[in-house]
Each structure stands twice: as C-alpha cells, then as structure tokens.
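Okay, handing you the structure first.
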Amino acid sequence: MSPVRLKLLRRLKRNLPGEIFLQPAILAKYAGDKWFATHQPDAVALPRSARSVSKILKFADKNNIPVTPRGAGHGYVGGCVPVCGGLALSTERMNKILEINPDDFIAVVQPAVNTAAFQAAVEKLGCFYPPDPASRANNSLGGNIATNAGGPRCLKYGVTRDYVLGLEVVLTNGDIVRLGGRTHKNKTGFDLHRLFAGSEGLLGVITGATLKLLPLPTFRANLAVGFDSMYAAVRALQSVFAAGFLPCAAELADQFTLAAAAKRTKSKRLLGCQAHLIIELDGQENSVRGEIATVEKIIRRQKPLFVERGFGNKQCEAVWQIRREFSYALRDTGLTKLNQDIVVPRGRLEDLFKFAATLQKKHGLQLACFGHAGDGNIHTNVMVDFTQPGAEKRAEAMLDDLFRWVLSVKGAITGEHGIGLAKKRWWPLAVSKEVQALHRTVKRALDPKGILNPGKFV
Ligand SMILES: Cc1cc2nc3c(=O)[nH]c(=O)nc-3n(C[C@H](O)[C@H](O)[C@H](O)COP(=O)(O)OP(=O)(O)OC[C@H]3O[C@@H](n4cnc5c(N)ncnc54)[C@H](O)[C@@H]3O)c2cc1C
C-alpha cells in the first residue's frame, strides 16, 4: 500500500471510530470467499449503519480508494475478493430483522441477516420466504440479493430478485437511496431496485431490503427415484411437466455423483443408479397427497429402480439430507471440485448429459453433474487431480468447451453464483459487445470513478 493511501485510511479510521481496521490479522480474514483466489485489502470497514457506509463511500470516491462490498464471504466465484486492495466493506454488523409483517406479507431486513435464520423467523409467523441457496445457513440476505441467489425451490417460486420489493442502497457519491417500496405491486418509475439484484457489488452497497413473503404451505411431500439411465430420469421429469405439474423442486444427479454419495452414505440403492431424481410438491395436505400419488404413477412409467416417498417435513428433510451429501461426497473423492453452475434451456437437459460424456472422454477428466434439473441449472463439477501433470490445462480446456457448448444451445454460463472472478474469462463470450458496452454505461452512471468492486467483469 502506498504511504499516501495509508495516510488516507488512517484519517478515515479517525473519522469513524471502531469501524475501520488496519491490523494484518483482520485484513487476512477478508481476503477471500469460497473460491480459490484471495487478495488482502488495505483496510477493513465494518460499518454499523447506512450513514457510516455513506461516509465511507464518499471518502473513498473522493480519494480514489477501491471498495469491495462483502456479505458473509460464502460466494463461489471470488465476487468479494478485493483484487485491487483498498477497503473490504463488510456489512456483518448490520444484521437485524427490523420488521416481519404477516398482514402485509413483507419483511424489512438489514443486509447481513442470515438467510436460514430469516426463513425460520418468518415461518414462525406463518409466512414463507422461498429462495433457498444450499449455503443459506452461512450466507447473508444482502449477498443473496447482490448475486440474485437461487436454489431448489426456485423452480416454482422464482429466484431472490422476485422477492425484492424495495432496497436501501448507498451510492458511491454517498447518497442513500430508497428504491421500490413495501407493496407487492409497484409501477412507479423504472424498476431500479431490481437493477441491484445480481449487481455483484459493482453498482452500490445494499444496506437494507424489503422482501416479499408468501403464505407458508402447510404440507409437503417428495419422491426420491433411482433410474438405470439418465434418459429415463429426464423423460420422467418431462412427463411430470407435460401432465401439468409444477413441482417446488426437481433435482437430478448423475452416476459419478451417486457412486460418491453411495460411498459416503453407505447406501446400496444409490450405488446401482445411473440417475437419481427428487421431486417435491407443496401446498395443502389433501391436494399434495393426491398429486404426489399421480406424479408417482407418471414416473413409474419410466420403470425406475426404486421410488422412496417422503410425507411431511421430517421425512422430506431426510431425503434432502442425502441430496446435501452430494457435494461433500464429491470432495471425499480427494479430487478438486471445480463447481460450475451452467444453465441450459429446459428441453436440452438430455443433450447436456450426453455432451458431458463426450467431454469426459475428450479431456480425460470426470464431470460430476447434479442440481436443479427443473430449471436446467446443473452444477457441472470438473473433478481434477492437480498433482497430475497438465491437469490444470486440461481442466481449463474442458471448461472452455463446456461454456462454448452451453452458449451454443442458448444457455447461460452462470445461473446463480454470478461472474465474479471465476467466470470473468468467459464474460466476453457470454454477452455481445453491445451488451458489454451497456453494462459499462450503467456502471459509469452509478460509479463514475470505478471505485466499487474493481477488477471484476465490468
Ligand atoms: C457450499 C455452498 C453452496 C452454495 N449453494 C448455492 C446455491 O444453492 N445457490 C446460490 O445461488 N448460490 C450458492 N452458493 C453461492 C453463495 O453462497 C451465494 O452467492 C450467496 O448469495 C453469497 O452470499 P454471501 O453473503 O456469502 O455474499 P459474499 O460472498 O460476501 O458476496 C457475494 C457478492 O455479493 C456482493 N455483496 C455482498 N453483500 C453486498 C451488499 N450488501 N451490497 C452490495 N454487494 C454485496 C459482493 O461484493 C460479492 O460480489 C453456494 C456457496 C457455497 C460455498
């Protein structure tokens, strides 16, 4: 860090007592997320209020100091890595649920509220906040908004963006703006609050959110089904949609993932499977029980190896517990798991699995696929042994092929994790020159000096 910047940061520290930190041990904690890259910031800001955030941004903007916003640091793409140094601005002290209103079906939160804790709190009052990223026990609502996080239930209920009614955002000039509102419908001006959903900390710092809630479904049921081919599993899912059902989740896993999970969970059933499908329905008990029976009949036409049924929260959770083991099971293999979250149009799922098989042959690396099949959003994990010579190059080449193919079928290179640093290389492939220019125009309008989260994709 230059002596000039150090002097400036010391001045900021004096102006905001107890909110700016320069100790190396603290800096190290804010260098990375759950991806590989790390870079230490020059200082860490732990503001207690939007007013403090405003002071920090105004000061940083005036003095050209980079600011990288951060939620819980559980991102998967290096989004909160302060690659240009400067300030890592963590919202972690702004962690209160300010209001849950079951009459208006809204909640007002500070950005660092933990997603799972928030869901538990609203459910106590008979309300429901559906977005369910697998990381919800650890991440923040602010991070979910900034990455537009998704999860299994997003098939029926939509992603985080669909629940953001209003936002409080601090702009780089220090303005604190309140966008949107607390009504479920609102057409007053541009949909500006949505601009910040998925903005990955590049346009402003989210310091508060008003979130939409739904009535809590009173019952759920699911089916966990094993198949002897991926083709049969995909056909089963397509038949469920064709019969007019919209499950709240539909999750698929491939043979490599299942073999790893079988080893970890000691399940003999998973071991014999080429594909595994979980389908869940929710709603009122009578209708869910009737509908799940019909769904089972539809699925049985594809001659599954087994069908397990879960009724009610406890049994359904037991099925999901196995699904949650998939990621850990892949780690147990000892290989490094390069997790991608590509999306293909729903009708191209089978093609994706076929293409994955050809990629594996071509590059001699395993591709473990599982995820949100209903959305076409499959976690494609390149499994690499980095001790092998040339492994890194082969993995990169495999990812190039994968992303090119995904784009060729009009899919997307990321469905929920974002671009961050991990996907930066493929950003120019994924969007046209004109769209890149439009991103730059928006960025310049809100952050003319480019101090917010520099070094990322815009
Ligand atoms: C095991 C595991 C499972 C995961 N499963 C899922 C999943 O199922 N679905 C899914 O969508 N993601 C998943 N993720 C990715 C990750 O958890 C999400 O991206 C999550 O939303 C990150 O939240 P965070 O609070 O940790 O954000 P951080 O990692 O701290 O930040 C993420 C990005 O948001 C920006 N940001 C954070 N807070 C703010 C703010 N207040 N204002 C402006 N910008 C901000 C940061 O600059 C950064 O670009 C998973 C990650 C892990 C490690």
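If you check Lys297, Lys303, which single one turns out to be surrounded by fewer than 15 Cβ atoms within 10 Å (Cβ to Cβ) and without any contact (Cβ under 8 Å) to a residue 24 or more places away in the chain?
Within the list Lys297, Lys303, the selection yields Lys297.
How do the pairs read when you match residues in segment 140-158 that are more than 6 Å from the ligand (Cβ to nearest atom) and of a type in the set (S, T, N, Q) with residues anywhere that are assigned to a loop (DSSP other than H, G, I, E, B) and modelled with pLDDT of 95 or more, using Cβ under 6 Å and keeping only pairs 6 or more apart or on different chains?
Between residues of segment 140-158 that are more than 6 Å from the ligand (Cβ to nearest atom) and of a type in the set (S, T, N, Q) and residues that are assigned to a loop (DSSP other than H, G, I, E, B) and modelled with pLDDT of 95 or more, the close pairs are Asn148/Val159; Asn148/Ala197; Asn148/Gly198.
Right, another one. In segment 204-226, what residues are surrounded by fewer than 23 Cβ atoms within 10 Å (Cβ to Cβ), in contact with a Phe, Trp or Tyr (Cβ under 6 Å, 6 or more places away or on another chain) and assigned to a loop (DSSP other than H, G, I, E, B)?
Leu216
Could you grab me the full set of residues in segment 169-196 that are surrounded by 16 or more Cβ atoms within 10 Å (Cβ to Cβ), more than 13 Å from the ligand (Cβ to nearest atom) and in a loop (DSSP other than H, G, I, E, B)?
Hits for segment 169-196 are Gly174, Arg182.
Go through (1) open to solvent by 10 Å² or more (accessible area, probe 1.4 Å); (2) assigned to a strand (DSSP E or B); (3) in contact with a Leu (Cβ under 8 Å, 6 or more places away or on another chain) and name the single condition His379 misses.
(3)
In segment 347-372, how many residues are free of Cβ contacts under 8 Å to residues at least 40 places away in the same chain and either outside any helix (DSSP H, G or I) or charged (D, E, K, R) (or both)?
5
Can you tell me how many residues in segment 36-64 are in contact with a strand residue (DSSP E or B) (Cβ under 6 Å, 6 or more places away or on another chain) and either part of a loop (DSSP other than H, G, I, E, B) or open to solvent by 30 Å² or more (accessible area, probe 1.4 Å) (or both)?
Qualifying residue count, segment 36-64: 3.
I'm checking my understanding of the structure. Among residues of segment 105-139 that are among the aliphatic types (A, V, I, L, M), within 27 Å of Ala250 (Cβ to Cβ) and within 12 Å of the ligand (Cβ to nearest atom), which one is least open to solvent (accessible area, probe 1.4 Å)?
Selected residue: Ala116.
The values are calculated or read from the model by the stated rules, or taken from the named source; none is laboratory data. Predicted model only: the values in this text are computed from it and were never measured. Here the Cβ is made from the backbone with ideal geometry for all residues, glycine too, and neighbour counts use every protein chain on show. SASA here: full protein model, heavy atoms, side chains in, ligands and nucleic acids out. Shrake-Rupley method; radii C 1.70, N 1.55, O 1.52, S 1.80 Å.
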